[in-house]
């Protein structure tokens, strides 16, 4: 259990960094009106997508195995959760699943466009929204302890 928690915590740093790079790359590509390239733009966006999905899978594994996830809801009930427990058992998983859905939508939408500006816009908007949602539900007090 502790190994899964450690992987989830350290992988989060990598996912946040790569998502930030993908969003920054998309914004700069959009602003500079450059072509969307396979060598850089496609790979950065794809890497962010893959890493965020891996993080989701590790998080879901942790959710079902950890005493702070589903078992906290089962043992205490929704009304018995304090704000810290609710963050881990309900808010963090729900919002992060929503964030990964948005990132996936951004990836799927970008593939439909031929124009680089539209590709960059799709990634910037959806990956950016996903990144903001992820940042909003990180258990910061526990993460830095």
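Is it fair to say residue 87 is within 18 Å of the chain's Cα centre (by Cα), crowded, with 20+ Cβ neighbours inside 10 Å and farther than 16 Å from residue 16 by Cβ? Spelling it out, residue 87 is indeed within 18 Å of the chain's Cα centre (by Cα), crowded, with 20+ Cβ neighbours inside 10 Å and farther than 16 Å from residue 16 by Cβ. Within the bounds of the stretch 64-76, is there any residue that is at negative phi, exposed (fewer than 13 other Cβ atoms within 10 Å of the Cβ), part of a helix (DSSP H, G or I) and in contact with a helix residue (DSSP H, G or I) (Cβ under 9 Å, 6 or more places away or on another chain)? So far as the stretch 64-76 goes, yes, one or more of its residues are at negative phi, exposed (fewer than 13 other Cβ atoms within 10 Å of the Cβ), part of a helix (DSSP H, G or I) and in contact with a helix residue (DSSP H, G or I) (Cβ under 9 Å, 6 or more places away or on another chain). Residue 66 fulfils the conditions (1) under 14 Å from the mean Cα position of the chain (by Cα); (2) closer than 18 Å to residue 4 by Cα except for a single criterion, (1).
Conditions (1) in a loop (DSSP other than H, G, I, E, B); (2) without any contact (Cβ under 8 Å) to a residue 60 or more places away in the chain; (3) within 19 Å of residue 65 (Cα to Cα), marked per residue:
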| position | (1), (2), (3) |
| --- | --- |
| 86 | no, yes, yes |
| 90 | no, yes, yes |
| 94 | no, yes, yes |
| 97 | no, yes, yes |
| 102 | no, yes, no |
| 105 | no, yes, no |
| 128 | no, no, no |
| 132 | no, yes, no |
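Here is the figure for the stretch 108-145: residues that are closer than 15 Å to residue 15 by Cα, modelled with pLDDT under 95 and surrounded by 15 or more Cβ atoms within 10 Å (Cβ to Cβ) total 2. Can you confirm whether residue 114 is within 23 Å of residue 46 (Cα to Cα) and outside any helix (DSSP H, G or I)? Considered against the rule, which asks whether it is within 23 Å of residue 46 (Cα to Cα) and outside any helix (DSSP H, G or I), residue 114 comes out as yes.
Inspection of the stretch 20-42 finds a residue satisfying the criterion of being out of contact with any helix residue (DSSP H, G or I) (no Cβ under 6 Å at 6 or more places or on another chain), within 16 Å of residue 100 (Cα to Cα) and either in contact (Cβ under 8 Å) with a residue 60 or more places away in the chain or not in a helix (DSSP H, G or I) (or both).
The values are calculated or read from the model by the stated rules, or taken from the named source; none is laboratory data. Keep in mind it's a predicted model, so treat the numbers as computed, not measured. Reconstructed Cβ throughout: ideal geometry from the backbone, glycine too, with neighbour counts over all protein chains shown.
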